1. Return yes when ARG223 is open to solvent by 20 Å² or more (accessible area, probe 1.4 Å) and in contact with an Asp or Glu (Cβ under 7 Å, 6 or more places away or on another chain) and no when it is not.
2. Output the residues belonging to the stretch 18-35 that are open to solvent by less than 70 Å² (accessible area, probe 1.4 Å) and within 20 Å of SER93 (Cα to Cα).
3. Would you say LEU228 is among the hydrophobic types (A, V, I, L, M, F, W, C), open to solvent by less than 60 Å² (accessible area, probe 1.4 Å), closer than 20 Å to MET473 by Cβ and not in a loop (DSSP other than H, G, I, E, B)?
4. Out of all the residues in the stretch 257-268, is one or more buried (at least 21 other Cβ atoms within 10 Å of the Cβ), at pLDDT 50 or above, of a type in the set (Gly, Ala, Ser) and over 30 Å from ILE348 (Cβ atoms)?
5. Given the residues LEU227, LEU206, LEU235, which is the only one that is free of Cβ contacts under 8 Å to residues at least 40 places away in the same chain, in contact with a strand residue (DSSP E or B) (Cβ under 7 Å, 6 or more places away or on another chain) and of a type in the set (A, V, I, L, M, F, W, C)?
6. Give me a count of the residues in the stretch 176-220 that are surrounded by fewer than 21 Cβ atoms within 10 Å (Cβ to Cβ), in contact with a Leu (Cβ under 8 Å, 6 or more places away or on another chain), of a type in the set (Ser, Thr, Tyr) and modelled with pLDDT under 95.
7. Out of the residues in the stretch 385-405 that are of a type in the set (Val, Ile, Thr) and in a helix (DSSP H, G or I), state the one that is most open to solvent (accessible area, probe 1.4 Å).
8. How about the stretch 40-63: which of its residues are assigned to a helix (DSSP H, G or I) and either free of Cβ contacts under 8 Å to residues at least 12 places away in the same chain or open to solvent by 70 Å² or more (accessible area, probe 1.4 Å) (or both)?
Amino acid sequence: MAPPPRRDSGGEDLISNLPFEIRSAIISRLATAEAARTAVLSTRWRDTWRGTPLRLDDLELPAAPGPSIARVAAAAGEPWAARADAVAVALASHPGPVERFRLSRTTLRARVSTAEAWFQDLAAGDHRAREVSLLCPPEWCHGALADPLLASPTLEILSLGECRISDAGAAAASASHLTELSLSSTHISEAALQSLLSGCPALRSLILRHIQGPRRIHISSCRSLVLLGVWQYKLLEELTVEDAPRLERLLGDTHLGTAVTIVGAPKLTVLGYLVAGYRDFWHGIDKPAAQKKVAKGLSALSNSVKVLAISVTFSGKKNVESVMNLLKCFPFVETLHIQGNKRWEGGIDTIDSNYYQKLDPVECIVNHLKSVRLEIEVENRRGKGKVENQNMSEFVCFLLANAQVLQTMKIQSAMSNNPAWITEQQNLLSQCHRASAEAKVVFEGLKVVRHKGFSIEAVNALADPFDSDIDIMGY
């Protein structure tokens, strides 16, 4: 609730007599609706609200619209359309500027022209914004043209969902202060994406989530970029990163059928998930030209990566070979995350210790690997599931037998609440040689994913984003 006027014993309103800067600070800490309500306290509070940059978040607006608005929204078949009216009222009542404009529960279907007018106002009108975030669910797809926002001189954070960006709009991009950009299910061409990035020289974080159009993503000369996230999965054919001297983290769901080239990223320390174990992954591994192309791209970043995450099915030797070849590209990895995926395609092989004994030593495993987290999603079934569990056990024994500086291995499984299963696994592992006397094996339950989505700020605050309650793989 908005703070009521506080009066002394003589009836004087002490809070309203506070300096404008303090009253403005109070308002800036209130939720959207509560801040607006301070305007009814007095003329002084109304002037304070209007003089404080607007923070508009539709999650902080009343959930239940008034009866008349509810009837109109219901008749239009849009139960959340009333929030758009509340947003329009807030913008009309406040002169600007806008500190935050965030919509995640407002449907803009049948209101595309209204949304585009907001974009124009937030970019160059009286309501010039510092942050614009549209996080609309797919069922509220609106396809509004977001071009005006790309030329905003004040915008620092931009998150677009279900929007469109034209080639002409991207070519005119000049968001010189933009540091965070997130595009989700946004329609944009490959050429437009490159133009857009060229117009954002201060960009530090870039998230591309299932954007519509590009099959090749080329990130070039983003010299301020620290975090890059790409979730395109099988639709992505090429991922190229060049001249990114400050890039530290590359997150996403890049499958190993994608031609990955990363050059000029000497600070890249966190990488994943790289996905192996599906048909056509490493589709050209037996062809020297294709193998050279993949290895060239990965070897360029090998020495800097310290945290690596891989998603793989342990259904056969081909998948394990993919993992071994991958690990050879990162000789200084210290923390390894392996997500055992329960889905597979193709046949299945039983992999025993004899297979691993024939392998050449892997530099990162032998000399640098300190921490391993193995997430087992496979159900304890007969047939393929049972064989895959056995293959994972052999892989664990291989790591224990070769990792000379290993300190901790976490095995996370839904079976960890079954004492009999843990005892069985411990008995199996007790027969494995351990190269490190300090290596400890810990059994845990599967991590509880609390955040399907995530904020850039939250990810940057984590030392290891893969060992958290944020679902990096499923984002």
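1. When the stated conditions are applied, ARG223 passes them.
2. ARG23, SER24, ALA25, ILE26, ILE27, SER28, LEU30, ALA31, THR32, ALA33, GLU34, ALA35
3. Details: among the hydrophobic types (A, V, I, L, M, F, W, C): yes; open to solvent by less than 60 Å² (accessible area, probe 1.4 Å): yes; closer than 20 Å to MET473 by Cβ: yes; not in a loop (DSSP other than H, G, I, E, B): yes.
Yes, satisfied.
4. Checked against the condition, which is being buried (at least 21 other Cβ atoms within 10 Å of the Cβ), at pLDDT 50 or above, of a type in the set (Gly, Ala, Ser) and over 30 Å from ILE348 (Cβ atoms), the stretch 257-268 yields at least one hit.
5. Only one candidate qualifies: LEU206.
6. Number of matching residues: 1.
7. Filtering first and then ranking leaves VAL387.
8. Selection gives VAL40, THR43, ARG44, ARG46, ASP47, ARG50, LEU59, GLU60.
The values are calculated or read from the model by the stated rules, or taken from the named source; none is laboratory data. Quick caveat, the model's predicted, so the values are computed rather than measured. Because the Cβ atoms are built from the backbone with ideal geometry, glycine has one as well, and the counts that use them run over all protein chains shown. These accessible areas exclude ligands, DNA and RNA; they are computed on the full protein's heavy atoms, side chains included. Shrake-Rupley method; radii C 1.70, N 1.55, O 1.52, S 1.80 Å.
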